[in-house]
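Accompanying notes for the structure given below.
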Amino acid sequence: MTRKVMHAVWYTGYGGGAAGLKHVEIPIPAPCKDEILMKVEAASINPIDWKIQNGFARPVLPKKFPFIPLSDVAGEVVKVGPGVKKFKAGDKIVATLGGPSAGGGLAEYVVAKESLTVPRPREVSAADGACLGIAACAALHSLTVTGGLKLEKTKPRTNVLITAASGGVGHYAVQLAKLGNTHVTATCGARNIHFVKSLGADEVLDYRTPEGAALKSPSGQKYDIVVNCTTGIPWSTFKPNLSPTGKVIDITPSGGTFWNCAVQKLTFSKKQVTPLLVNPSAQEIGFLVKLVKEGKLKTVIDSRYPLSQAEAAWAKSIEGHATGKVVVEL
């Protein structure tokens, strides 16, 4: 590789939204011990990326400015650092850069840790692979680790509710839940009802209707697991719809989530809300890549943008109505 600089997009302070992104030419990073230099072919945007820009974790994140956002990427190995044994130049890979606080993905090249990188088979496109970090891992972790769901057709049946099921996390959660012995109820906007049904949901509610707002299952199901992918739904709405030991897993927890969680533990409540706190792992991403390869899971991409139009991709994600994922391709 003869190039020494690369095109990247960063922001230099809090706020500004899409207008706060700046296109720059900066040196290509070099891999250190146990690291891989990859040419980025695709990167996906997660809401946490622009929430950090908005000051969601101020002043802790980002750790410093200027900051190159995005942490879910896919591409090709250019060079490996000392100690790297699993990969070589030319290998196709999927990587997470250590969570949204790490960043670096909105650039032509990025350094990834070998421990957070997995091989990408030819059946999995770069765009598909780049979406399997935060969003798909959140769906998987919610259902299997926090929710205890087995992704196999074993008994007894589990009743699952997934809110905002047409979004980045939700569309994965529906598909993953249906790998198990489940009845899946989902909520979304009216325009996405047929789409969510096509993912496998057994019944779908328009969240704008009275029934949808109340989360009432049309067939009278009481939910054992709820993957809550939206905000603004109070515990008082979830509680009457839960089975005796039902659990709500909140992927965007607020202060109220943590408060209710603490109270329920203190009072030994069998119905609980649990905040999801998870960083993607190579093991989980590798499992998800395998499902995509086998045709058991698909990534739905709402829109694709070149790096030169990163601002448009950023604005699309902030808008909040994407069906599936927003991807930047290089």
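Values quoted throughout were computed directly from the atomic coordinates according to the rules given, and no laboratory measurement underlies them. The structure displayed is predicted, hence computed values, not measured ones. Here the Cβ is made from the backbone with ideal geometry for all residues, glycine too, and neighbour counts use every protein chain on show.
Worth a mention:
- Ordering SER236, THR209, ASN192 by Cα displacement along the dipole of the range 136-275 toward the positive end leaves SER236 in first place; charges were set at the Cβ atoms of Lys, Arg (+1) and Asp, Glu (-1).
- The range 141-221: trypsin sites (Lys or Arg not before Pro) falling in loop per DSSP and having at most 12 other Cβ within 10 Å: LYS153, ARG208
- Taken along the Cα-to-beta-carbon direction at a fixed 7 Å, the label points for ASN181 and ALA312 span 4.9 nm.
- Bridge orientation summary for the chain: considering DSSP beta bridges with both residues in this region, about 55 percent are antiparallel.
- Helix 310-319 and the longest principal axis of the Cα set of the chain meet at an angle near 10°.
- Net charge of Cβ neighbours under 12 Å - reference PHE65; Lys, Arg +1; Asp, Glu -1: +4
- Working note: Cα gyration tensor of the range 136-275, eigenvalues times five, square-rooted, sorted largest first, giving semi-axes of 21, 17, 14 Å.
- SER236 sits among other residues whose Cβ lies under 15 Å from its own Cβ, and their net charge, with Lys and Arg +1 and Asp and Glu -1, is +2.
- Projecting the Cα atoms of SER142, ALA173, PHE268 onto the charge dipole of the range 136-275 (Cβ charges, centred on the Cα centre) puts PHE268 farthest toward the positive pole.
- Nonlocal amide H pairs with ASN54, under 5 Å, H built at 1.01 Å: GLY15
- A simple charge model with +1 on the Cβ of Lys and Arg, -1 on the Cβ of Asp and Glu and nothing else charged puts the dipole of the chain at about 640 debye relative to its Cα centre.
- Size of electric dipole in the range 54-155: Cβ of Lys, Arg +1 and of Asp, Glu -1, about Cα centre, debye, nearest 20: 300
- Less than 5 angstrom separates the built amide H of ASN159 from those of HIS183, ASP224, ILE225, all sequence-distant by 5 or more or on a different chain.
- Nearest-0.05 FRET efficiency for LYS197 and THR231, computed from C-beta distance (R0 35 Å): 0.90
- Karplus 3J(HN,Hα) series, Hz, for the range 5-15 with 6.51 cos²θ - 1.76 cosθ + 1.60 (x for Gly, Pro): 10, 9, 8, 9, 10, 9, 10, 10, x, 6, x
- Distance from the alpha carbon centroid of the range 16-56 to that of the range 198-270 works out to 34 angstrom.
- Backbone N atoms of the range 270-294 closer than 16 Å to the 7 Å Cα→Cβ label point of SER101 belong to residues 276-281.
- Alpha-carbon centroid distance for the pair the range 161-180 / the range 70-106, whole angstrom: 27
- Magnitude of the charge dipole, the range 136-275, Cβ model with Lys/Arg +1 and Asp/Glu -1, debye to 20: 300
- Shown in residue order for the range 82-92 are the 3J(HN,Hα) couplings computed by the Karplus curve 6.51 cos²θ - 1.76 cosθ + 1.60 at θ = phi - 60°: x, x, 6, 10, 8, 9, 9, 4, x, 5, 8 Hz (x for Gly and Pro).
- Less than 5 angstrom separates the built amide H of GLY324 from those of GLY167, GLY168, all sequence-distant by 5 or more or on a different chain.
- Listed by Cβ neighbour count within 10 Å, with the fewest neighbours leading, CYS137, CYS32, CYS188 appear as CYS32, CYS137, CYS188.
- Prolate/oblate/rounded label for the range 40-167 (Cα gyration tensor, a/c 1.5): oblate
- Dividing the mean sequence gap of close Cα pairs (under 8 Å, 6+ apart) by how many residues the range 136-275 holds gives a relative contact order of 21 percent.
- The residues neighbouring PRO275, those whose beta-carbon lies less than 14 Å from its own, together hold a net charge of +1 under the Lys/Arg +1, Asp/Glu -1 convention.
- The trypsin sites (Lys or Arg not before Pro) of the range 264-305 that meet both conditions, a loop assignment by DSSP and at most 14 other Cβ atoms within 10 Å of the site Cβ, are LYS270, LYS296, LYS298.
- Length gained when the stretch HIS23-SER303 is fully extended (0.36 nm per residue, less Cα-Cα span): 98.7 nm
- The stretch between SER243 and SER281 holds 10.6 nm of extra length on full extension. This uses 0.36 nm per residue minus the Cα-Cα distance.
- The region of the chain that goes longest without hitting one of the GluC sites (Glu not before Pro) in a DSSP loop, each with at most 14 other Cβ atoms within 10 Å, is 153-293.
- The chain, helix-only ellipticity at 222 nm - DSSP H runs n ≥ 4, -39,500 (n - 2.57), divided by all residues, nearest 500: -6000 deg cm²/dmol
- Relative contact order of the chain, defined on C-alpha pairs under 8 angstrom at six or more residues apart (%): 18
- Positive-end ranking of HIS183, GLY104, GLY15 along the dipole of the chain, with charges on Cβ about the Cα centre, is headed by HIS183.
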